[in-house]
């Protein structure tokens, strides 16, 4: 189970990194690269969420899933990564609007 928890944390970290890369690209006006980075971020979040779902399914099926501090940390990382990505997507749209207004 610890391995799955670390998978969640790993994919969340990668998702956050890609999302912040996307924001950097957008601020530089490199919107195609920003879109590519957001897609990578979404894939990492999908993988993290898949692993979380596997853990939930294990518990539903009667397997004891211990709620450790590491598990809480993984859940926190997932929620944070999802929130940050959602905000960054909105910020990228704002960057596009600002660029248009500056023309």
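Quick one: is residue 42 at pLDDT below 95 and either under 15 Å from the mean Cα position of the chain (by Cα) or in a helix (DSSP H, G or I) (or both)?
Against the criterion (at pLDDT below 95 and either under 15 Å from the mean Cα position of the chain (by Cα) or in a helix (DSSP H, G or I) (or both)), residue 42 does not qualify.
Could you pull out the residue among 50, 24 that is closer than 30 Å to residue 102 by Cα and assigned to a helix (DSSP H, G or I)?
Details: 50 fails: closer than 30 Å to residue 102 by Cα.
It is 24.
Could you identify the single residue in 89, 72, 65 that is touching a helix residue (DSSP H, G or I) at 6+ places or on another chain (Cβ under 9 Å) and in a helix (DSSP H, G or I)? Even if it seems obvious, please write down each step before you answer.
Numbers: 72 fails: touching a helix residue (DSSP H, G or I) at 6+ places or on another chain (Cβ under 9 Å); 65 fails: in a helix (DSSP H, G or I).
Selected residue: 89, the only one of 89, 72, 65 that is touching a helix residue (DSSP H, G or I) at 6+ places or on another chain (Cβ under 9 Å) and in a helix (DSSP H, G or I).
Just for the range 7-29: of the residues that are free of Cβ contacts under 8 Å to residues at least 40 places away in the same chain and exposed (fewer than 15 other Cβ atoms within 10 Å of the Cβ), which one is farthest from residue 52 (Cα to Cα)?
Checked the range 7-29; the qualifying residue farthest from residue 52 (Cα to Cα) is 28.
Take residue 38 and decide whether it is in contact (Cβ under 8 Å) with a residue 60 or more places away in the chain and either at positive phi or surrounded by 15 or more Cβ atoms within 10 Å (Cβ to Cβ) (or both).
On the way: in contact (Cβ under 8 Å) with a residue 60 or more places away in the chain: no; either at positive phi or surrounded by 15 or more Cβ atoms within 10 Å (Cβ to Cβ) (or both): yes.
For residue 38, the condition - in contact (Cβ under 8 Å) with a residue 60 or more places away in the chain and either at positive phi or surrounded by 15 or more Cβ atoms within 10 Å (Cβ to Cβ) (or both) - is not met.
The values are calculated or read from the model by the stated rules, or taken from the named source; none is laboratory data. Predicted model, so just to flag it, every value in this text is computed and none were measured. Using ideal geometry, Cβ is built from the backbone for each residue, glycine included, and neighbour counts are taken over all protein chains shown.
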